[in-house]
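Inspection log for the structure reproduced underneath, given as C-alpha cells.
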Amino acid sequence: MLNYLVRRILIGAFTLLLITFVIYGLIRNMPGNPLDTDPAMMDPSKMISKADIERLLAVYGLDKPWYEAYFTWLKNACTFEFGTSFSVKKPVLSLIKDAIGPTLQLSITSLILTYLLALPMGLYSTVRSGKTEERAMSFVLYMLYSFPSFVAALFLQLLFAIKLGDTWFELPLMGAHDPDYESFTATERAWDSFKHMILPVTCFTYGSLAYYCRFIKANMEEVIRQDYIRTAKAKGLGPIRILIHHAFRNTLIPFVTLLGLTLPGLLSGAIILEQIFNWPGMGTLFFDSIGTRDYPVLMTITLMFSVLTLLGQLIADILYAFVDPRIRYN
Amino acid sequence: MSENEQTTIEHSPGFWSQAWSRYKRRKLAMVALLFIVFLSGVAVFSPMIAGTKPIICKYKGSIYFPCMGYYYSGWENPIFQKDKFRRVYPRNLKQKDPDSWAIWPLVYQDPYRPVRANEWGLGEDGNPYDAQGSPSSLNLFGTYKTGFDIFASMVHGTRIALLVGFVSTGLSALIGICIGAIAGYIGGWVDITLSRFIEVVMCVPSLVLILALLAVVESPNIFHVMAVLGLTGWTGMARLTRAEFLKLRESEFVAAARCLGARPTRIMFRHILPNSLAPVLVPIAFGIAAAILVEAALSLLGFGISPPNPSWGTVLNSGREKLQSGYWWQLLFPGIAIFLTVLAYNLIGEGLQESTDPRLADPRD
C-alpha cells in the first residue's frame, strides 16, 4: 500500500509539473498582457512611456521569456509564495480566501442537499422499478438532467426576481448579499443570505440530483439481480435490510469514485452560474482574472484545481480498497 | 417454432442490425432521433423557411436563387448588388423589373438584419423592438436587440448548433480514437507517455484551455470555436478507446490477424476498431450534447461567435442582458431549443448504450 502511494504521488507530482508548465505557456502566450487590459491604460492622457512600460514589465517579471519565468514561478510556488494579483494589488492567497467562502457556501449546501435527496429517491425508484410513479419520477429526473443549468438559472431569475417581483415569492436577482447587509441584525442577515442562496443552490443541485438518482438506480439494478440477493431473500430477510445491507453496500464502489470526482468541483465553483448570479466566488475570480490576464491568480487557481483533481482521483482509488476488500494495491 | 420455418436458412443478424432492432424498440430514443432528423431538415432548408431573399426569382429574363447567399455570401448573384438592391428584394424586384416574379421563404424575416418599414412598398411597419417586440403573427418568437427576428435567428442558428455538435465531436472522436488506439495497442512506454498526456489535458480546466486557444486567433468565428471544442473534448473518448484496445489486443482474432502478417495499423483500424466501436459511439452522442452546451455557454459569457451571426446562445445572451426588463421571449425560445436538442442527444446516447450493450441483450433477439 505504502509503495503504491509513493508511486502514485510521484507520478502525480510529475503530472502536476507538466500541467502547470503547459498552462503557464498557454496563458503567457494569450494576446495582451496585464498592462494593456488595465482600463486606466486606455485613457490617452495617462498613457505611459515606453520606458515606464518596460520598467513595469520588469516589476511584474514579464520581461523574461515565459519558459524562464515559469521556473521563477515554480520556485516561488514550492515555498508557497504565490505573489500578488496584478489587477487588484492584493496577495493572491487573500483573494482566494475571500472567494472560497461564497463558493463553498453554495457547493457544500448543494452537495448535502443532493445526498439527502438522492439516496432515498434512488432507493425508492429501485424498489418501485417499472411502476407508474417510478417511471414518472425517472422521466422528470431525466428532463432535469438534460436541462442546462444556465438556462434554468435565467428562467428562474426571470420568474422569481422579475415576474414575481413585489410579491411574496420575490427572490433576489443576483449577488450574495443585500447592499444594506452591513446594517442588518443577525437574524436579518441570516434571512438575507438564505434568500440569496435559494436560486443558485437550486441550479447547482437539480442537475446533480438527477444524475445521482440515476446513478444509484443503475448500480442497484445491476446488484439486485445477483445471486446473493436471491439468497438473502430466501433466508427470509426483510426487504429493507436486503436493500440497504446487502444491495446498497455493494454499490458503494462506483459511488465512491464519483465522490472523488466531485472534490475539485466543490472548490472551483461553476464559472457560468457564478457569472449569471454575480456570485463573488472562485468561478468569478477565475473568470475575471482571465479577462485581466492576471497571471499569478490564474496560475494559483489552476494549480489548486489540478492538485484537487489528482487528489480526488487518488482518494477515490484509496477508498476503493477500503470499501472493497477484494481490491489490493501492491 | 413451426415446421416450415425450420426449412428456410436464416442468416443470423449481425451486431449492428441487432442493435438497430433493439434501438427501434425504444420509443423515446426513436422520437429523439426523429427530432434530430427534423432539426437537420430545418438546418439544411433554413433559407427557405425564414429569409428575406427569394428562394427562386425571375429577374430581367433570367432565373436566380438569391437565397443561396445565406449558405455562403459569395453565392448570392452579383447582379442584385450591381442593381443596388441593398438586400431589400420585394420592393426593388417590382420597381426594377415589373415582369419579375419570386417565390418567397415561408417567413419573411432575416437573421442578419431587422426588417424595416415599407420593404414590400405597401406602407407596412418594420419590426418592433424592446417591449413592443413580443411574439406576434409578424414575429413568431418576438424580436431582440434592435428588432432582429428571433424565429429567423433561431432557424438559421440551427445550422450552427448542429454543425458545432457534429464537427467538434467528430474532431474529438478522431483525435480520441487515434490516441486511445495507439496507447492501448502498442502499450509500454508509448502508453505511459500518452496516458500522462491525456491526464494533463483532463486536468487543465477546460475553460482556460478553450479561452486560451480562442484568444490566439484575432476574431474567432464559428469554425475556430468548433476546432477548439474538438481539440479539448477528446480525453474521455481516448480513455475509453484505450481500455477497449487493451482488452481486445489479447483476443484470438487479433492473434490470428497478426499470424496472417497484417500490419499494426491494419489490425488496429480494420480488426480491433470495428469491435470496439460500440462503447465509443455512446460518448459521441453525449459529446455532441456537451458541445452544443459549451457553445451556448461561451456565447453567454461573451466569447462565442460575434453577434450578427445567428446562434441560439446569442439570442439567449441578449435576453440575459435585458433580464431586468423581463423580455421573456428572448430567454424562453432559445432556452427551450437548447434544452430539447441536448435532451434528444442524451436520449440517443442512452438508446445506443442500451442497444449495444451485450449484457442487456434481450433473449428474444
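The values are calculated or read from the model by the stated rules, or taken from the named source; none is laboratory data. Please read these numbers as outputs of a predicted model, since none were measured by experiment. FYI the Cβ positions are ideal-geometry reconstructions off the backbone, even for glycines, and counts take in every protein chain you see. Accessible surface areas use protein heavy atoms only, side chains included; no ligands, DNA or RNA. Shrake-Rupley method; radii C 1.70, N 1.55, O 1.52, S 1.80 Å.
Some observations on this one:
- Tabulated pairs, the stretch A:77-100, first touching a residue at least 24 places away in the same chain (Cβ under 8 Å), second among the aliphatic types (A, V, I, L, M) and open to solvent by 40 Å² or more (accessible area, probe 1.4 Å), C-beta under 7 angstrom, 6+ apart or interchain: A:Phe82/A:Leu93; A:Leu95/A:Val88
- Every pair of residues 6+ apart whose Cβ atoms lie under 6 Å, when the first sits in the stretch A:110-136 and is part of a helix (DSSP H, G or I) while the second is of a type in the set (S, T, N, Q) and open to solvent by less than 50 Å² (accessible area, probe 1.4 Å): A:Ser110/A:Thr205; A:Leu113/A:Thr205; A:Thr114/A:Thr205; A:Thr114/A:Ser208; A:Glu134/A:Ser125
- The stretch B:214-313 holds helices (runs of 4 or more DSSP H) entirely within its bounds, and those carrying 3 or more residues that are in contact (Cβ under 8 Å) with a residue 60 or more places away in the chain map to B:222-232, B:235-248, B:273-301.
- Condition check for B:Glu252: away from chain A (no Cβ under 11 Å), acidic (Asp, Glu) and open to solvent by less than 60 Å² (accessible area, probe 1.4 Å): no
- Residues in the stretch A:68-115 that are under 30 Å from A:Ala58 (Cβ atoms), among the β-branched types (Val, Ile, Thr) and out of contact with any Lys or Arg (no Cβ under 8 Å at 6 or more places or on another chain): A:Thr79, A:Val88, A:Val92, A:Ile96.
- In this structure, A:Gly291 does not qualify as within 22 Å of the chain's Cα centre (by Cα) and buried (at least 18 other Cβ atoms within 10 Å of the Cβ).
- From the list A:Asp317, A:Asp294, the one residue that fits, being acidic (Asp, Glu) and modelled with pLDDT under 80, is A:Asp317.
- Residues of the stretch B:264-289 that turn out to be open to solvent by 50 Å² or more (accessible area, probe 1.4 Å) and over 16 Å from B:Cys178 (Cα atoms), as a count: 1
- Options A:Thr251, A:Thr292; residue that is over 24 Å from A:Met197 (Cα atoms) and either within 14 Å of chain B (Cβ to nearest Cβ) or of a type in the set (A, V, I, L, M) (or both): A:Thr292
- Residue among A:Ile301, A:Ile315 that alone is of a type in the set (Val, Ile, Thr), more than 13 Å from the chain's Cα centre (by Cα) and assigned to a helix (DSSP H, G or I): A:Ile315
- Residue list for the stretch B:99-136, restricted to those being outside any loop (DSSP other than H, G, I, E, B) and under 20 Å from B:Tyr327 (Cα atoms): B:Asp130, B:Ala131, B:Gln132, B:Gly133
- When the stretch B:211-243 is limited to residues that are facing chain A (nearest Cβ under 10 Å) and surrounded by fewer than 20 Cβ atoms within 10 Å (Cβ to Cβ), the one that is nearest to B:Ser311 (Cα to Cα) turns out to be B:Leu214.
- Pairs where the first residue, in the stretch A:1-18, is aliphatic (A, V, I, L, M) and the second is at pLDDT 85 or above and open to solvent by 70 Å² or more (accessible area, probe 1.4 Å), C-beta under 9 Å, 6+ apart: A:Leu18/B:Phe197
- Screening B:Pro274 with (1) under 30 Å from B:Pro114 (Cβ atoms); (2) modelled with pLDDT under 90; (3) out of contact with any helix residue (DSSP H, G or I) (no Cβ under 7 Å at 6 or more places or on another chain) gives one miss only, at (1).
- Where B:Tyr89 falls short, out of the listed (1) over 29 Å from the mean Cα position of the chain (by Cα); (2) surrounded by fewer than 23 Cβ atoms within 10 Å (Cβ to Cβ); (3) not assigned by TED's automatic domain parsing to the domain that holds B:Ser276: (2)
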